[in-house]
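The values are calculated or read from the model by the stated rules, or taken from the named source; none is laboratory data. Computed from a prediction, not measured in an experiment: that's the story for all the values here. Positions of Cβ are generated from backbone atoms using ideal geometry, with glycine treated the same way; all protein chains shown enter the neighbour counts. The protein model used for the area step is the full one, side chains on, heavy atoms only, and it has no ligands, DNA or RNA in it. Shrake-Rupley method; radii C 1.70, N 1.55, O 1.52, S 1.80 Å.
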Amino acid sequence: RSSDLKPIGIAFLGDIHAGNDGVDMRQLRKDLETIRDVEGLYVCGMGDYIDNYKPQAKSGSGPYHSLFPNPQEQLAYITSRLSIAKGKWLCLCEGNHDAWDAKWAGIDRLPGLAQHLETPYFTERGGTVFVQFDDVQYTILVKHDFRGKSQINKGSAQSRMFADFPQWANAD
């Protein structure tokens, strides 16, 4: 019944880059506390939770601009922060910085984080989340990034994504 319906919201949180000295850690905490405290507010993780620079990568100078460069410390920090909103996560999606562990060391840290947060995990390929509220189902696409970014045409990457994954064209 419409009198029983309450508003819902879905936040999309990504590119945190924990460990980088440019992260506003106080604001991150406030945002996660808001998600935790607001009834009907949920969150999709969009990737790049940690900075995770690797010395052998072209971005190897990253540790020189880090507050704490060790990926293990970054993961411990982000685990404690994301846990603030535990129970509100709809999914965690991997970003390119998160994927560097697999590329350079054969390690994927995010499945353990997703299991800790009790939420589904998607690799960089992305995924689909189906959310049911009362008798309404929403289809949410999550992907950190997609090829074809353009400074001129901001919709180019999205058009390419829908061409590759036509079943996503009717997503909410």
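A compact table of results
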{"item": "Per-peptide average of other Cβ atoms within 10 Å, ordering 95-101, 66-72 highest first", "result": "95-101, 66-72"}
{"item": "Where GluC sites (Glu not before Pro) fall in DSSP loop in region 70-166, at most 13 other Cβ within 10 Å", "result": "E118"}
{"item": "Difference of contour (0.36 nm per residue) and Cα-Cα distance, W104 to K6", "result": "30.7 nm"}
{"item": "Highest-first arrangement of 130-143, 39-52, where packing means the average Cβ count within 10 Å", "result": "39-52, 130-143"}
{"item": "Per residue, in Å², the accessible surface of region 60-142 once ligands and nucleic acids are set aside, probe 1.4 Å", "result": "51"}
